[in-house]
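The values are calculated or read from the model by the stated rules, or taken from the named source; none is laboratory data. Just so it is clear, the structure is predicted and the values come from calculations on it, not from any experiment. A quick note on method: Cβ atoms are made from the backbone with ideal geometry, for glycine too, and the neighbour counts reach across all protein chains shown.
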Amino acid sequence: MCYAPALLLDTSKLTKVPYTPNNVMNPRYLLQAAVINNCPEVVRRLLENDKNDASILSRNSHPAELFGSPCWLAGRSGNLETIKILLSSSLGGMREKREQALRGAVTCGHLEAVEFVMAPWWEPINFITSAQSIREPLLCGMLNNPEVDFCFRIYELVTSHHTRNNPIQLAEHIVWTLLEQVGRSTPQRADIIAHLLDMVARANDLLYQHPQLRTELYRPLLSGAVSGGNGKIVEPLISRGATPSGTDSKLIVQAAAMGRMDIVRLLVENGFPVKRSNSTFGPNERLPEQAIARAVLVEHEEMCRYLLDHGANLDLPKSGELAMSRAKKEGLETMIEFLEARGVVLHSGD
């Protein structure tokens, strides 16, 4: 049986011809295909067929299955008609169906679908068995939803159903945790970062009064954004106070290793050091690698020239000789010529 149910559905036929179980070996895959392709009428016919049982809606019927439960897929699609058909079916447990649909809707940022699944006319009210059903897919939902406050609207919506008889315990995300998660994730959501930073600033005037505190708080966020290659997020962090310190030269090394000229330029233009200082390293400690050595390894001649123009030094340890050694090992002829033209040679034994 093919594990690509999206290819199994011929909408023009299956919406007009009554479904028979002989169409496919396992009707669950056809149900998944119907959900994926937004064909609620096919979903209805599959569920109404008396030869199908609750296993067609189970969370996972096969360890090799590529697609999740039909309810989870429906939540991801955001198709309210399909969700309604699945939840209204007598097949499967309502609690599990709602939780799976909720998880899918949160993952894809479909707030309207979340509201629909949590509506009080579906019972039971306390269908959420674990806070993980919300927390785990929430980051994906934040990135997929166009609104900057999706996370907080979800929390408000979920906790609004909390009662003494039907408790919903959902500890709020720490804003700093959200900042770090969004900062290193793709797609880049600089608008969410700006919104969260505004929330932090409004809640803590000390960030405006003490720039050093702001730098310390923003440093891990900036590091995460750089390591994630998120240039659009690096910029608002810098503009809001993520200023450089003597320990931040590794950020340019990280950007150079990814070949991200835009991030390297942004960091250099805002005062981040190109050279990594050896002064804080003892005689037995590993010397820091220089950014230009990484730029050579990714064959980025423009970046190498830029770094040299802004203070990089090929005579430093972990710089020119390391770059030449790597270039020769990888057979990077262009970079070998580039380094030789600038007087870099390997000593015997290197």
For region 293-350, give me every one of the helices (runs of 4 or more DSSP H) that falls completely inside it and has 3 or more residues that are within 17 Å of GLN254 (Cβ to Cβ) and at pLDDT 90 or above. 301-309
Based on what the data block shows, is PHE272 within 26 Å of THR186 (Cα to Cα), in a loop (DSSP other than H, G, I, E, B) and modelled with pLDDT under 90? yes
If we keep only residues of region 128-144 that are hydroxyl-bearing (Ser, Thr, Tyr) and over 12 Å from TRP72 (Cβ atoms), then the residue modelled with the highest pLDDT is THR129
Write out, first by first residue and then by second, each pair whose Cβ atoms fall under 8 Å of each other, whose residues are 6+ apart or on separate chains, and whose first residue, in region 177-198, is acidic (Asp, Glu) while the second is outside any helix (DSSP H, G or I). ASP191/VAL148
What's the number of the condition LEU222 fails, among (1) in contact with a Pro (Cβ under 9 Å, 6 or more places away or on another chain); (2) assigned to a helix (DSSP H, G or I); (3) modelled with pLDDT of 80 or more? (1)
Filter region 101-127 for residues that are modelled with pLDDT under 90 and closer than 17 Å to ALA74 by Cβ; the one that is surrounded by the fewest Cβ atoms within 10 Å (Cβ to Cβ) is ALA119
Exactly one of GLN132, GLN100 is without any contact (Cβ under 8 Å) to a residue 12 or more places away in the chain and under 24 Å from the mean Cα position of the chain (by Cα), and that residue is GLN132
Of everything in region 236-262, what is modelled with pLDDT of 85 or more and either surrounded by fewer than 23 Cβ atoms within 10 Å (Cβ to Cβ) or in contact with a strand residue (DSSP E or B) (Cβ under 8 Å, 6 or more places away or on another chain) (or both)? Give them in sequence order. VAL253, GLN254, ALA257, MET258, GLY259, ARG260, MET261, ASP262
Taking LYS51 as meeting all but one of (1) in a loop (DSSP other than H, G, I, E, B); (2) modelled with pLDDT under 70, write down the number of the exception. (2)
